[in-house]
Each structure stands twice: as C-alpha cells, then as structure tokens.
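Before any comments, here is the structure.
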Amino acid sequence: DAMSVGAIDHLDMIMLDYPGPNDDSVRGQWRAFEEMKLMDKTVDDLAVSNFSAEQLDAILSNERSIRPTVNQLPFSVAYHPGGTRLIDYNTERNILVQSWSPLSRVLRSDFSDLLEAIGKRYNK
C-alpha cells in the first residue's frame with residue numbers, strides 16, 4: 001500500500017470507476033471510500049465514473065453519505081446517451097460531470113469538419 005509506506009501522502013481525488021452489480025454493492029464500495037477519506041484525511045474528494053441516476057441514488061439515500069464531487073461519463077457532441085437527463089440529474093445534486101474520451105466518437109463522426117474549423121478559428 002503506497003500510502004502506508006509514505007510514497008504518497010495526499011490524493012486530490014479517488015474515483016470509484018465502475019458501479020457494483022446491485023445497490024448493496026454500490027453502497028458497500030462507497031462506504032469504503034468514505035472511510036478512507038474520513039480516517040486518513042489524505043483524500044480531498046470522492047468521485048464516481050459511469051454511475052446512473054439509480055446508482056447515485058443508492059449512495060445518496062444515506063443522508064450522512066459524502067456526496068461524490070464528480071461523475072465521469074461518456075459524453076460528447078457526437079455521443080450523449082439519454083440526452084442531458086443524467087447531466088441534469090447530477091447538476092441538480094451539485095455533482096460535476098466530467099466527460100471521459102470526449103473526442104473519440106467525434107473524430108469518427110460528421111462533427112470532425114466542424115471541430116477542425118473551430119480549431120482553425122482559434123489557431124489550435
């Protein structure tokens with residue numbers, strides 16, 4: 001464990017990368033993250049990745065639960081499953097949405113010409 005031997009003494013954020021198969025699993029994983037944050041005081045923020053509204057509800061159903069700071073989602077101009085519904089859900093709960101791999105689908109889509117034109121306009 002790198003933190004116990006002193007190689008790492010602080011983490012800005014840790015992320016639960018994939019939700020468990022059911023609500024109990026999600027709650028259990030999240031409790032372990034919360035305990036790490038509360039016990040060590042070496043972790044600033046807790047985050048999740050690929051969590052649906054229902055999986056976030058499993059965490060937030062405990063009113064003493066630490067709210068995730070970030071929910072990292074597959075989202076881009078060309079790919080936004082479910083529209084903005086999940087983004088709105090996160091925003092209403094003060095959870096930031098961060099897109100992972102935001103350009104991978106765009107570069108293979110009809111948007112590549114638009115993005116190239118925007119880049120040229122801003123000398124990028």
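Given the structure, is PRO81 closer than 30 Å to SER112 by Cβ, surrounded by fewer than 15 Cβ atoms within 10 Å (Cβ to Cβ), of a type outside the set (Gly, Ala, Ser) and without any contact (Cβ under 8 Å) to a residue 24 or more places away in the chain? Step through it out loud before you land on a result.
Values: closer than 30 Å to SER112 by Cβ: yes; surrounded by fewer than 15 Cβ atoms within 10 Å (Cβ to Cβ): yes; of a type outside the set (Gly, Ala, Ser): yes; without any contact (Cβ under 8 Å) to a residue 24 or more places away in the chain: yes.
The answer is yes for PRO81.
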Check your understanding: Got at least one residue in segment 98-115 being open to solvent by 40 Å² or more (accessible area, probe 1.4 Å) and modelled with pLDDT of 90 or more?
Key -> yes
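Answer yes if at least one residue in segment 63-81 is in a helix (DSSP H, G or I) and among the β-branched types (Val, Ile, Thr), and no otherwise.
Filtering segment 63-81 down to residues in a helix (DSSP H, G or I) leaves none.
No, the conditions are met nowhere in segment 63-81.
Mind listing just one residue for me: the one in segment 8-30 that is assigned to a helix (DSSP H, G or I) and of a type in the set (S, T, N, Q) and, of those, surrounded by the fewest Cβ atoms within 10 Å (Cβ to Cβ)?
Looking at the filtered set, the residue picked out is SER25.
Tell me, which residue of segment 36-53 that is loosely packed, with under 11 Cβ neighbours inside 10 Å and either at negative phi or in a helix (DSSP H, G or I) (or both) is modelled with the highest pLDDT? Show your work before the answer.
Within segment 36-53, the first condition is being loosely packed, with under 11 Cβ neighbours inside 10 Å, and the residues that meet it are 38-39, 41.
Retained after the next criterion (residues that are either at negative phi or in a helix (DSSP H, G or I) (or both)): 38-39.
On the way: LEU38: 87, MET39: 81.
Per the stated criteria, the residue is LEU38.
Take LEU56 and decide whether it is at pLDDT 90 or above, part of a strand (DSSP E or B) and under 17 Å from the mean Cα position of the chain (by Cα).
Considered against the rule, which asks whether it is at pLDDT 90 or above, part of a strand (DSSP E or B) and under 17 Å from the mean Cα position of the chain (by Cα), LEU56 comes out as no.
The values are calculated or read from the model by the stated rules, or taken from the named source; none is laboratory data. These numbers were taken from a predicted model, which means no experiment stands behind them. Heads up, the Cβs are rebuilt from the backbone with ideal geometry, glycines too, and the neighbour counts pull from every protein chain shown. Keep in mind that these areas ignore ligands, DNA and RNA; they rest on the heavy atoms of the full protein, side chains included. Shrake-Rupley method; radii C 1.70, N 1.55, O 1.52, S 1.80 Å.
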